[in-house]
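The structure appears right after this line, and notes come after that.
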């Protein structure tokens, strides 16, 4: 310390040093605050229990008829599983021009479902039933030329919340507020009649 | 010491004031606080908002005594309040009606400020605090709506939280973080309870305090938009001002009386207010496998909801919704007019204000209707009207032909 400081003369105070110490203290405190807040932020992540409850779900397909749909819940998300007739599958490519993402390039699905019919097996479709717009449940409108959706309706889903429309492969139609096709969870077939949602060859996937 | 003590009256009152400036505060804030003499009916809504806030805190505290948070207990505990707690139905209806009443008085309070230019200098900060109150109120109302865990609660949470998924990159992770699960679940309602009951009310109280402190610093605007502080009398008091007490305390008490009468009519005779204050779908428990049809938010959110639905792109829709809310924050800087009150503005501002008013009410109506055909087209037109009020304001507020503003308040305003 210099004599000047001891005698208390204000003009001799090392302002640079004082400023440095002030800034350094504030910066250290700010870094500490960030560390201190992080456990509180982390506490909002899904808990261990919530993660454990996200285990794969088994579906029995033996009683599923053509044109029928069942809904299962996997990771709190409703999953639509439905069997399509050969005519339904054959009609899929015919309305590509009316779709936002016909090739599903911007949509979420496992690689084995990245095809025209968006499925592993030709007949069985598996879709996460939360609308990619804001998460409502699109309703089943499988009939061609449905009364609500008009004569050129090829069959599919209509979201009651904001009017998004999807075809029988979960692909979104032009003019819908949703921008991407319905998502597809990881899934696999244990045998001809047993479907496992949430698990495929790559093992149980992390959150979709 | 004896000399200093002389200024305090004897007894408990003097003892208290020596230790805390109660009398000084009351004198400065009520008797010597001069407010413009020409407040009209639009000036009821600030004090009414305060009354509703106190009412919500009071009824809310009682509801927490009977409500049981959690996805398996919340709905049943609300039914328990309605059917088995003595006067539980009254406490809950006061709270649900209070939520809608809060937005009614706040919307009218905000509209008053837009009409009379109360957001303009020197009241920008006052306006900003008010807007933060509005934001906090929206969060409070949304989270409170989720707590009864009815089916509309569930789906409202689903839709509103999913709005955040449209944020690029961090969206999906953020949504999971907000919910605390892979879907709206027990963890979600638990944290919303903590935020609705503790965190946001504290923020609201702080913001209301700041709003009032800022108001006392700059003083109230008035329907003429003339600063009364510019005309001080010989005694140093504004010649066009009157003491807040007794003049405006009495006026506000009258306003509160009228308000509570209307409020009681709703609570006792039409608590659901035709599906607007409480929605039918929310009288059945949350069901993740069944979306209520039609789905519509509470009436106070419908203008923004209509804007969201009018856009055929989810990210753009969410962005426009955000801009629609935040646009109010920028009013003090968008408005380039030399005058404050609509009374001295020209046809341009009046025209755009009319467009805004009609657009806002139209959007409010359309948000309650399904998003199909003509409704969507109408919502798009109304959204353009809504945004033009803000976006074109720097132009039309300057180009407007304003009238000369007098020096004094007109006696019969």
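Taken together, the values in this text are just the output of simple stated rules run on the coordinates, not laboratory data. What you see is a predicted model, and the numbers here were worked out from it, not measured in a lab. Heads up, the Cβs are rebuilt from the backbone with ideal geometry, glycines too, and the neighbour counts pull from every protein chain shown.
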Chain lengthening between residue A:41 and residue A:192 when straightened (0.36 nm per residue, less Cα-Cα): 49.9 nm
How high is the relative contact order of the range B:264-413, in percent, counting Cα pairs under 8 Å that sit 6 or more residues apart? 30 percent
Expected sort for A:162, B:211 with the fewest Cβ neighbours (10 Å cutoff) up front is B:211, A:162
Given R₀ = 41 Å, FRET efficiency for residue B:199-residue A:148 by Cβ-Cβ distance, to 0.05? 0.40
Out of A:63, A:100, A:19, a Gaussian network model of chain A with alpha-carbon springs under 10 Å gives the largest mean-square fluctuation to A:19
Mind listing P(r) for the range A:120-208? All alpha-carbon pairs, 10 Å bins, whole percents. 17, 42, 30, 11, 1
If neighbour count is taken as other Cβ atoms inside 10 Å, put A:143, B:235 in order from fewest to most. B:235, A:143
Cα convex hull volume per residue for the range B:70-196 (Å³): 131 Å³
To the nearest 10 degrees, the tilt of helix A:15-42 (Cα long axis) against the first principal axis of the alpha carbons of chain A is 30 degrees
Sorted by average packing, counted as other Cβ atoms within 10 angstrom per residue and highest first, what order do A:28-37, B:321-330 take? B:321-330, A:28-37
Once both label points are put 7 Å beyond Cα along the C-beta direction, the residue B:353-residue B:283 separation in nm becomes 4.2 nm
Mean separation of Cα contacts under 8 Å (at least 6 apart) over the residue count of the range B:133-179, i.e. the relative contact order in percent, is 20 percent
Return the FRET efficiency for the residue pair residue B:381, residue B:82: r is the Cβ-Cβ distance, R0 is 60 Å, and the value is rounded to the nearest 0.05. 0.90
If I model a spin label as a point 7 Å beyond the Cα along the Cα-Cβ vector, how far apart are those points for residue B:216 and residue B:270 in nm? 4.0 nm
Taking the reciprocal of mean 1/r across every pair of different Cα atoms in chain A, the Kirkwood radius in Å is 20.6 Å
Rule-of-thumb check for the protein assembly as shown: C-alpha Rg over 2.2 N^0.38 Å? 1.18
How big is the Kirkwood radius of the range A:109-170, worked out from every pair of different alpha carbons and given in Å to one decimal? 12.3 Å
Report the residue, chosen from A:13, A:23, A:89, that carries the largest GNM mean-square fluctuation when chain A is represented by alpha-carbon nodes joined by springs under 10 Å. A:13
Quick shape summary for the range B:221-303, equivalent ellipsoid via Cα gyration tensor, semi-axes whole Å in descending order, reads 48, 18, 9
Viscosity 1.002 mPa s, temperature 20 °C, Stokes-Einstein D of the range B:158-248 from Kirkwood C-alpha radius, µm²/s: 121 µm²/s
Springs between alpha-carbon atoms under 10 Å, Gaussian network over chain B: tell me which of B:187, B:101, B:35 tops the mean-square fluctuations. B:187
Among A:136, A:161, rank each residue by its count of other Cβ atoms within 10 Å, from fewest to most, as a rough exposure measure. A:136, A:161
With the contact rule set at Cα under 8 Å and sequence spacing of 6 or more, what percent relative contact order holds for the range B:269-344? 17 percent
Per-residue Cβ counts within 10 Å, from other chains only, averaged over B:170-183: what number is that? 4
With a Cα-only, solvent-free Debye model of the range B:59-107, what are the log10 I(q)/I(0) values at q = 0.13, 0.16, 0.21 Å⁻¹? -0.32, -0.47, -0.71
I need the Debye-formula profile for the range B:11-71: one equal scatterer per C-alpha, no solvent, reported as log10 I(q)/I(0) at q = 0.13, 0.22 1/Å, two decimals. -0.70, -0.94
List the equivalent ellipsoid semi-axes of chain B in whole Å, largest first, each obtained as the square root of 5λ for an eigenvalue λ of the Cα gyration tensor. 39, 31, 19
Against the longest principal axis of chain B, how steep is helix B:347-366, in degrees 0 to 90 to the nearest 10, with axes from Cα atoms? 30 degrees
Which parts of the range A:141-176 would a label at residue A:65 reach, counting a residue when its backbone N lies under 19 Å from a point 7 Å out along Cα-to-Cβ? A:141-144, A:156
Give the Rg/Rh ratio for the range A:135-180, taking Rg as the radius of gyration of the Cα atoms and Rh as the Kirkwood radius, to two decimals. 0.92
Number of partner chain Cβ atoms within 10 Å, mean per residue of A:137-149: 1
Roughly how crowded by other chains is peptide B:291-300, in terms of the mean Cβ count from those chains within 10 Å of each of its Cβ atoms? 3
